[in-house]
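Only one structure is covered here, and it is reproduced in the block below.
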Amino acid sequence: MDGFRTLYCDPGEDFGWALATDFTLLARGIHKMWEFADIIWDALLGGSAELTVLNDPNSAFVYDGQEENPAWEQPIQRIVCEDFRVYPWKIQALKFDPVRTARVIGAITWFARHHNIDLVFQGANIKKAAVLAGAEEFYDFPLHENRHSNDAIQHFVYYTNAVMLGRPLPLSNEKEAFE
């Protein structure tokens with residue numbers, strides 16, 4: 001057992017997240033991008049009364065039976081975050097885009113560096129492999145409204161299977177991931 005919590009991130013205007021310890025999902029949610037950046041920073045500093053969602057099992061959607069898990073007292077020592085890429089086939093759509101998602105990923109990178117937290121980037125191409133590894137059993141419904149937290153769950157399933165357990169999972173090529 002690691003003895004710490006991992007935050008799994010699907011960054012964007014609607015920022016999906018999942019919180020886990022080892023192979024156990026504790027909670028998940030969706031927040032507006034910069035609100036959640038503040039929540040991450042606050043959690044890394046120890047949590048204030050206003051922004052306790054990552055440190056208080058009473059302020060997030062918590063998986064059944066995890067409210068009393070002692071892992072809530074553990075520090076966040078790893079962040080697994082979906083990476084931001086400018087794909088050649090998407091370049092036209094990004095003209096004049098302020099790339100706010102890239103900016104929040106930059107903030108998360110700084111948070112991790114400042115607090116000496118392991119930061120792992122995963123591509124969007126992990127999603128099909130995560131579904132094959134069982135991500136759907138953790139999904140929240142309705143699917144469309146919860147797609148961002150479900151994407152964070154996909155990062156949890158992929159990371160725990162491919163990295164922590166060393167299971168070979170097939171990755172889509174980058175273009176297939178968006179089709």
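Laid out as a table, the results:
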read-out	value
Among the candidates 177, 124, residue that is among the aliphatic types (A, V, I, L, M), over 17 Å from the mean Cα position of the chain (by Cα) and modelled with pLDDT under 95	177
Residue selected from segment 80-109 under the condition among the aliphatic types (A, V, I, L, M) and in a loop (DSSP other than H, G, I, E, B), by the criterion modelled with the highest pLDDT	99
Filtered residues of segment 133-149 (kept if in a loop (DSSP other than H, G, I, E, B) and exposed (fewer than 15 other Cβ atoms within 10 Å of the Cβ))	134, 141, 142, 143, 144, 145
Filter pass, residue 129 being farther than 18 Å from residue 12 by Cβ and within 14 Å of the chain's Cα centre (by Cα)	no
Residue selected from segment 1-19 under the condition at pLDDT 90 or above and farther than 19 Å from residue 83 by Cα, by the criterion surrounded by the most Cβ atoms within 10 Å (Cβ to Cβ)	5
Residue match in segment 31-41 (condition: more than 26 Å from residue 125 (Cβ to Cβ) and of a type in the set (Gly, Ala, Ser))	no
Conditions (1) under 18 Å from residue 150 (Cα atoms); (2) at pLDDT 95 or above; (3) part of a strand (DSSP E or B); number of the one not met by residue 30	(2)
Hits in segment 120-179 - residues which are of a type in the set (Gly, Ala, Ser) and touching a strand residue (DSSP E or B) at 6+ places or on another chain (Cβ under 7 Å)	124, 149, 152
Tally, over segment 91-149, of residues that are farther than 29 Å from residue 75 by Cα and of a type in the set (Asp, Glu)	2
Subset of segment 65-113 [loosely packed, with under 11 Cβ neighbours inside 10 Å and in contact (Cβ under 8 Å) with a residue 40 or more places away in the chain]	89
Lone unmet requirement of (1) more than 12 Å from residue 18 (Cβ to Cβ); (2) buried (at least 17 other Cβ atoms within 10 Å of the Cβ) for residue 130	(1)
Matching option when the condition is out of contact with any His (no Cβ under 6 Å at 6 or more places or on another chain) and part of a helix (DSSP H, G or I), among 77, 154	154
Residue list for segment 38-61, restricted to those being of a type in the set (A, V, I, L, M), at pLDDT 70 or above and surrounded by 15 or more Cβ atoms within 10 Å (Cβ to Cβ)	39, 40, 43, 44, 53, 54, 60
Candidates 130, 112 - the one that is at pLDDT 95 or above, touching a Leu at 6+ places or on another chain (Cβ under 6 Å), assigned to a helix (DSSP H, G or I) and small (Gly, Ala, Ser)	112
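The values are calculated or read from the model by the stated rules, or taken from the named source; none is laboratory data. Since the structure is predicted, the reported quantities are computational estimates derived from the model, not experimental observations. Heads up, the Cβs are rebuilt from the backbone with ideal geometry, glycines too, and the neighbour counts pull from every protein chain shown.
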